[in-house]
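The values are calculated or read from the model by the stated rules, or taken from the named source; none is laboratory data. The structure displayed is predicted, hence computed values, not measured ones. Using ideal geometry, Cβ is built from the backbone for each residue, glycine included, and neighbour counts are taken over all protein chains shown. Side chains included, ligands, DNA and RNA excluded: accessible areas come from the protein's heavy atoms. Shrake-Rupley method; radii C 1.70, N 1.55, O 1.52, S 1.80 Å.
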Amino acid sequence: MAQTEVEVATPERRVGRALVSRSTVVTALPLIMLIGLVLAVSLREPTFLSGTSLRTLAESSVPIILLALGQMFVILTGGIDLSLAVLASLGTILLASWIDPLGMVGIILMIACITGAGLLNGFIAAYAQIPSFVVTLGAMGLWSGVALGISGASTVSIGENYPLIGWLTGTRFVGVAMSFWMTMFVVVVVLVLMSFLARGNSLHTIGLAERAAFMSGVRTRRARIIAFGTAGFFSALAAIVLSSSQYSGAPTLADALLLPAIAAVIVGGTAITGGIGGPLRTVVGALIIGVLRVGMSILGVPPAYEQIVYGALIVIAVALSMDRSRARVVK
């Protein structure tokens, strides 16, 4: 008689299935939310799916995507960077101040300074063993003051060397500004690097279990410093795009993008506790925030109330996606 193999549902298998099911839901939920939002907004405003509206959505999402990508690296390690948007604002001031007298050198110098500020955040957090939100909260006040001091609390216009950055928003390919295509190229590069380099996987490992990563030979401090430095680099890229679209720099130009950028990372499915997430999820989260902004505009919600929505969205997304089994005590 042929014997039939009967699968026994052991407790371990049941736990595994539960984890797979939870992971599948968390992964699929942002995409479902994005499709649902697009349908809801298009029902309210049928012209939303027109080429012009979609082009505007793509181009306006670029600064948020860049800041969210930078934030993603820090959050993957289990930290958070509250100074990213302020660094982008400072970047616009430095860029506007240096691009006319120094040309391309001024752009490179700005990128180096903003990336260095990010590395400094990471160095202090890693070696002084201070929580990242405390370090970057202090940095937020520091760099905001520097931006106000350098600019005299006023807008700094870009003059004759504007074409060096103007092509990002002034030149189009398939009807969409080059800033969007360049950002998509950066996303692909980040995706490839994180998939095939051991250092990319080490960020996830640190976020999941930093002590275990350290014991297995991962240089956790260096990895955290690099994560903060990369976040600073993406702030500099966001500063270039913002300066290109505004023809100038301003000390608070990017400040309002802090909450949308964090919301994009969390809503996209990156775990606030670290270890889970990636660039594609972050792009989906940024598009959700972009569609949400358009939807609120169509509904006539005043811009001042948008920050309330983003704040509530972060809390709800964390409450729904947080894996409490990894944190026995939530403070």
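The table for this structure:
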{"quantity": "Region 58-86: number of residues that are open to solvent by 10 Å² or more (accessible area, probe 1.4 Å), under 19 Å from GLY170 (Cβ atoms) and of a type in the set (A, V, I, L, M)", "calculated": "1"}
{"quantity": "Cross-chain or 6+ apart pairs with Cβ under 7 Å, region 191-204 first and of a type outside the set (Lys, Arg), then at pLDDT below 70", "calculated": "LEU193/GLY200; MET194/GLY200"}
{"quantity": "Near pairs, Cβ below 8 angstrom, 6+ apart or cross-chain, from region 117-135 (surrounded by 13 or more Cβ atoms within 10 Å (Cβ to Cβ)) to any residue that is among the small types (Gly, Ala, Ser) and not in a helix (DSSP H, G or I)", "calculated": "ALA117/SER83; ASN121/SER83; ALA125/GLY79; SER132/GLY79; PHE133/GLY79; VAL135/ALA128"}
{"quantity": "Per-region count, region 221-230, residues touching a Ser or Thr at 6+ places or on another chain (Cβ under 9 Å) and either open to solvent by less than 10 Å² (accessible area, probe 1.4 Å) or of a type in the set (A, V, I, L, M) (or both)", "calculated": "4"}
{"quantity": "Residue in region 1-59 that is modelled with the lowest pLDDT, counting only those that are of a type in the set (Ser, Thr, Tyr) and not in a helix (DSSP H, G or I)", "calculated": "THR4"}
{"quantity": "Answer from TYR305, TYR310 - the residue that is over 21 Å from THR205 (Cα atoms), touching a residue at least 12 places away in the same chain (Cβ under 8 Å) and aromatic (Phe, Trp, Tyr)", "calculated": "TYR310"}
{"quantity": "Residues being touching an Asp or Glu at 6+ places or on another chain (Cβ under 6 Å) and within 23 Å of PRO63 (Cα to Cα) - total across region 181-224", "calculated": "0"}
{"quantity": "Single unsatisfied condition, GLY166 versus (1) within 13 Å of LEU242 (Cα to Cα); (2) within 26 Å of the chain's Cα centre (by Cα); (3) surrounded by fewer than 15 Cβ atoms within 10 Å (Cβ to Cβ)", "calculated": "(3)"}
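Condition check ((1) under 30 Å from ILE298 (Cα atoms); (2) touching a Phe, Trp or Tyr at 6+ places or on another chain (Cβ under 9 Å); (3) open to solvent by less than 10 Å² (accessible area, probe 1.4 Å)) across all residues:
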| position | (1), (2), (3) |
| --- | --- |
| SER89 | yes, yes, yes |
| ILE93 | no, no, yes |
| SER97 | no, no, no |
| GLY106 | no, yes, yes |
